[in-house]
1. Just to be sure I understand the curve: with the Debye formula and one point per C-alpha of the range 46-139, what is log10 I(q)/I(0) at q = 0.10, 0.13, 0.20 Å⁻¹?
2. Mind pulling the per residue volume of the convex hull built on the Cα atoms of the chain? Å³ is fine.
3. Taking the Cα centre of each part, how many Å lie between the range 174-212 and the range 223-267?
4. Taking the number of other C-beta atoms within 10 Å as the exposure measure, put 204, 96, 53 in order starting with the fewest.
5. Tell me the volume per residue, in Å³, of the convex hull enclosing the alpha carbons of the range 86-159.
6. Rg/Rh for the range 14-81 to two decimals, with Rh computed the Kirkwood way over all alpha-carbon pairs.
7. Along its three principal axes, how long is the range 169-285 when you only count alpha carbons? Whole Å, largest extent first please.
8. How much net charge surrounds residue 270 when only the other residues with a Cβ under 11 Å from the Cβ of residue 270 are counted, with Lys and Arg +1 and Asp and Glu -1?
Amino acid sequence: MRLIFLFFILLFHSQTQAVERTVRGYTPLMLSELIPTLEGQDRRVLSEPIKQWVRLDEYLTPEELTRYSVPKNTTVWIDKCEQADKKILADNVRAWLLAQPWSKGLEVTQVSLADKRICREWLEVSRFSLLNSQYINSALVLINQSEPSQVLALELTAKYRTWRASVPLKAGSPLYQSQLTQSWEPLVNSVNLVDLTLDFELDWKARRPIRTEQKISRGMLLQASTVEVGDEVMIVLFNGSLTIDTTGRALERGYLGEQVFILVDGAKAPVKGVIVQKGVVKIGT
């Protein structure tokens, strides 16, 4: 029984040839790609994009099969597509980069596509995301958000904004923009996106001593609270289409975007609100 089983396995293997290669590239599919030992005149086999297994006897004439000694039922994986216009795609990527919240800290001069084979379908992609959402560098990988399995490799020629201390700062001392100098450096090593979006209009304190000319990163800073316990705050109350401005007292320390308990003037019980800027708390939507 075992010998009979092995016989059928060998017979099946002899009738279905093992795939020796994959044919990739752009349309059209040419005879020379299917027959590496082709001699004589080449011809177009298929003009449309194709991504599937093909049996060569479905595309080659009986004469060609005989001439090139192609066994019957030979199969090859074909992966062909229409080539994308790389300039249009690079322009689309550049437009996406400039629309990101961290783009103000990035000065992109050139977008080069690192992928050698880019299909036309990439021209339809309108929503990208970073493969590594925390860092950006000159070698970048974007994901098609509609189909996350599709990735696009790029190379950026760019500069990024840096901030340096113009005076020495002690740990815990407040940080003011007048104490900083701005410069632009070539994008070589990876840069944390939070460093590209540092907003010095917020209140910051030095986490540790900072030397003169030392480059400032988000990890060196602590955000000073925008509301302290006992602070008088402006309260903006939303109730449907009605908006009421009033005042109250903060019962907790909080930072921008955080919820804190506040006591509205004249009220007996505290309520929660969201800090929207220094000294301003919002209640409702």
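No value in this document is a laboratory result; all are computed from the given coordinates. Just so we're clear, the structure is a prediction, and the values are computed from it rather than from any experiment. When we count neighbours, we look across all protein chains shown, and the Cβ atoms used for this are built from the backbone with ideal geometry, even at glycine.
1. These q points yield log10 I(q)/I(0) values of -0.48, -0.64, -1.02.
2. Values: hull volume 80.7 nm³, N = 285.
It is 283 Å³ per residue.
3. For the range 174-212 versus the range 223-267, the Cα centre distance is 29 Å.
4. Ascending number of Cβ neighbours within 10 Å: 53, 96, 204.
5. 86
6. On the Cα set of the range 14-81, Rg over Rh gives 0.93.
7. Principal-axis extents of the range 169-285 (Cα, largest first): 54, 30, 21 Å.
8. On the way: positive: 249, 268, 272; negative: 252.
Net local charge, residue 270 excluded: +2.
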